[in-house]
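Inspection log for the structure reproduced underneath, given as structure tokens.
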């Protein structure tokens with residue numbers, strides 16, 4: 001399901017990027033028409049027309065690239081679901097209106113991660129090696145709350161990755177025999193336990209799981225603020241582009257100022273779309289890292 005969700009959001013992003021490119025091309029063509037009218041009235045030079053023509057050509061090329069990306073994203077989605085979308089479906093929602101919950105409740109237990117396929121597989125390898133799963137969990141699996149207030153990472157979760165390099169810092173506590181018949185019993189050193197390949201793989205799977213959750217929580221904490229800031233950037237670029245267009249029509253500014261303002265606005269809008277897609281991608285990755293969602297929590 002995670003791959004399908006990722007492919008769906010990629011297709012939605014590609015479609016919205018294509019639509020933005022189409023609207024931008026239409027706007028820039030109008031700007032080219034204005035430049036030609038001003039040239040005919042001897043209110044500007046041929047340089048302004050040449051700049052506007054180059055801008056339109058660039059937008060046409062970009063639109064073709066966006067159309068190709070949209071078609072390819074649609075092909076990837078259809079390949080995953082194995083069929084064409086049913087006819088008669090309502091129009092898809094824009095990314096900013098997608099009903100995907102990116103906010104998590106406080107106090108999510110780390111036991112959610114025990115449902116992950118990689119941890120389940122590692123535990124089965126321990127079972128095959130005749131290990132006690134309860135003892136393995138008690139030794140290597142951190143039992144803590146993943147989230148604090150606002151659904152951000154809890155202090156205990158942050159503490160798992162201390163230091164400048166954010167390295168795994170959980171210290172296993174060997175309190176129960178891991179293997180029967182006196183082999184690698186609890187009183188033996190941790191280094192001896194780790195000589196077992198199954199134990200090493202189990203510990204590695206746990207570290208990977210908590211790292212992926214930590215990355216997802218970090219993204220959840222920062223994407224909202226980044227998107228809000230980028231939204232303000234878009235609003236500022238829109239004001240600049242409007243003012244530049246007015247000043248160009250009035251003959252106060254040259255074409256180059258308007259060209260720069262329009263390009264900046266287009267880039268800011270595309271960046272905002274990328275961030276929204278990134279936020280949903282992070283949400284999908286986080287739910288996968290949590291073992292498939294928040295069922296019963």
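With respect to the stated conditions, residue 205 fails to be modelled with pLDDT of 80 or more, within 21 Å of residue 114 (Cβ to Cβ) and part of a loop (DSSP other than H, G, I, E, B). Can you find even one residue in the range 229-237 that is touching a strand residue (DSSP E or B) at 6+ places or on another chain (Cβ under 6 Å) and at pLDDT 85 or above? Within the range 229-237, none of the residues are touching a strand residue (DSSP E or B) at 6+ places or on another chain (Cβ under 6 Å) and at pLDDT 85 or above.
Report whether or not residue 256 is modelled with pLDDT of 90 or more and at negative phi. So residue 256 does not fit the description; no.
Among the residues making up the range 147-171, those that are without any contact (Cβ under 8 Å) to a residue 24 or more places away in the chain and in a strand (DSSP E or B) are 162, 167.
Taken over the range 36-55, residues that are surrounded by fewer than 17 Cβ atoms within 10 Å (Cβ to Cβ), in contact (Cβ under 8 Å) with a residue 12 or more places away in the chain and part of a helix (DSSP H, G or I) amount to 3.
Taking residue 94 as the residue in question, decide whether it is modelled with pLDDT under 90, surrounded by 10 or more Cβ atoms within 10 Å (Cβ to Cβ) and assigned by TED's automatic domain parsing to the domain that holds residue 23. No: the conditions fail for residue 94.
Any residue that is modelled with pLDDT of 85 or more and in a helix (DSSP H, G or I) - is there at least one of those in the range 103-111? Yes; the residues of the range 103-111 include at least one that is modelled with pLDDT of 85 or more and in a helix (DSSP H, G or I).
Scanning the range 104-146 for residues that are closer than 20 Å to residue 218 by Cα, touching a residue at least 40 places away in the same chain (Cβ under 8 Å) and surrounded by fewer than 15 Cβ atoms within 10 Å (Cβ to Cβ) returns 105, 106, 107, 109. Criterion applied to 246, 270 was being more than 20 Å from the chain's Cα centre (by Cα), surrounded by fewer than 20 Cβ atoms within 10 Å (Cβ to Cβ) and on the phi < 0 side of the Ramachandran plot, and the one residue passing it is 246.
Candidates 73, 128: the one that is assigned by TED's automatic domain parsing to the domain that holds residue 19 and either farther than 25 Å from residue 23 by Cα or under 31 Å from the mean Cα position of the chain (by Cα) (or both) is 73. Among the residues of this structure, residue 140 counts as one that is under 30 Å from the mean Cα position of the chain (by Cα) and either closer than 18 Å to residue 173 by Cα or at pLDDT 95 or above (or both).
If I ask for residues that are surrounded by 11 or more Cβ atoms within 10 Å (Cβ to Cβ) and at pLDDT 70 or above, which ones from the range 168-189 would you list? Answer for the range 168-189, where residues must be surrounded by 11 or more Cβ atoms within 10 Å (Cβ to Cβ) and at pLDDT 70 or above: 168, 170, 172, 173, 174, 178, 179.
The values are calculated or read from the model by the stated rules, or taken from the named source; none is laboratory data. All values reported here derive from a predicted model rather than from experimental measurement. A quick note on method: Cβ atoms are made from the backbone with ideal geometry, for glycine too, and the neighbour counts reach across all protein chains shown.
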